[in-house]
Amino acid sequence: ISVLTGGYYWFLYGLMVMMIICRFLGTKQRLIMIALGSMFISIILPENSPIIVQKIFHYLFFFISGVLMKSVYNSVSINNWKFYLIVSLFSFVIYVTLGNYQYIIVKLYIAPIFGCIAFWSISILIRKCFKRELILSYFGKYSLQFYLNHLLIVLPCYYLAKYIGFHSSFASWLVIVCATIFISFVMFKLEKQYYISRLICGFQSYKANKLY
């Protein structure tokens, strides 16, 4: 069952399904209909439904919203940092206020939407305040690739720290984190050099789909 549902990594299975849907059914009209349909199905799904099914239908709405947002991002982007400050504060207050409501549509969608808007606005605000490309922006852009790489090497890094024999758990943790980030970065650079690895790791865009 874990192999079929992803186990602890169910979101990678779910993400793969959502990416396939958006790549092959990627017109605005279809995606909007799919997003609304997934919202409806998520609300009426029985609680004993498989977790992977619940998660896919739940997060598909947000995934598609991100794809659609990307297609119009430049046209709705505003340069005034005060706008993002007001939006982030307003959205965060609404998110916290709605957090106590038990209505399923509020809990699953309305409150999380305002939470997403709040953290998106905060991210834009931080970037505009520094007025230059941050290293966090770089890692954020390729976060999925770094995450997939770290799955392959975090265990060897753990055994490396154990072999070195640190007496401090913090020192072991620091070695694991630094080694994992460094090796993931090297893998990331190598993966970008070849067409097949770019395609597998999500660097090569699907040219037939303008939205994704």
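Taking a probe of 1.4 Å, how large is the accessible area per residue of segment 39-146, in Å²? Display every interim value, and only then the final one.
Working: 7330 Å² over 108 residues.
Counting only protein heavy atoms, the per-residue value for segment 39-146 is 68 Å².
Accessible area of the chain with a 1.4 Å probe: how many percent of it is carbon plus sulfur? Each step should come with its number before you reach the end.
Values: 10490 of 14770 Å².
The computed percentage sits at 71.
Add +1 for every Lys or Arg and -1 for every Asp or Glu among the other residues with Cβ under 15 Å from the Cβ of Val17, and state the total. Can you show the working numbers first?
Values: positive: Arg23, Lys55; negative: none.
Once all neighbours under 15 Å are counted, the net charge is +2.
Add -39500 (n - 2.57) for each DSSP H run of 4 or more in the chain, then divide by its residues: what number comes out at 222 nm, to the nearest 500 deg cm²/dmol? Provide the component values of the computation, followed by the final result.
Details: 10 runs with 159 residues, N = 212.
Roughly -25000 deg cm²/dmol at 222 nm, from the helical runs in the chain.
Taking the chain as a Gaussian network, where each spring joins two C-alpha atoms under 10 Å apart, which residue of Ser121, Ser197, Ser38 fluctuates the most?
Sorting by GNM fluctuation, first place goes to Ser197.
Which three semi-axes in whole Å describe the equivalent ellipsoid of the chain, each the square root of 5 times a Cα gyration tensor eigenvalue, listed largest first? Write down the numbers at each step before the final one.
Numbers: eigenvalues 194, 114, 94 Å².
In descending order, the three semi-axes are 31, 24, 22 Å.
Which FRET efficiency value, to the nearest 0.05, is calculated for Lys189 and Glu47 with the Förster distance at 35 angstrom and r the Cβ-Cβ distance? Let's see the in-between values first.
Working: r = 45 Å, r/R0 = 1.28.
The value I calculate is 0.20.
May I ask for the net charge around Ser88, where only other residues with Cβ less than 14 Å from the Cβ of Ser88 are counted and Lys, Arg are +1 while Asp, Glu are -1? Present the calculation step by step, with values, prior to reporting the outcome.
Working: positive: Lys82, Arg127, Lys128; negative: none.
Neighbour charge sum, excluding Ser88 itself: +3.
The values are calculated or read from the model by the stated rules, or taken from the named source; none is laboratory data. Quick caveat, the model's predicted, so the values are computed rather than measured. Glycine also receives a Cβ, built like all others from the backbone with ideal geometry; neighbour counts cover every protein chain displayed. In case anyone asks, the SASA skips ligands and DNA or RNA and just uses the protein heavy atoms, side chains included. Shrake-Rupley method; radii C 1.70, N 1.55, O 1.52, S 1.80 Å.
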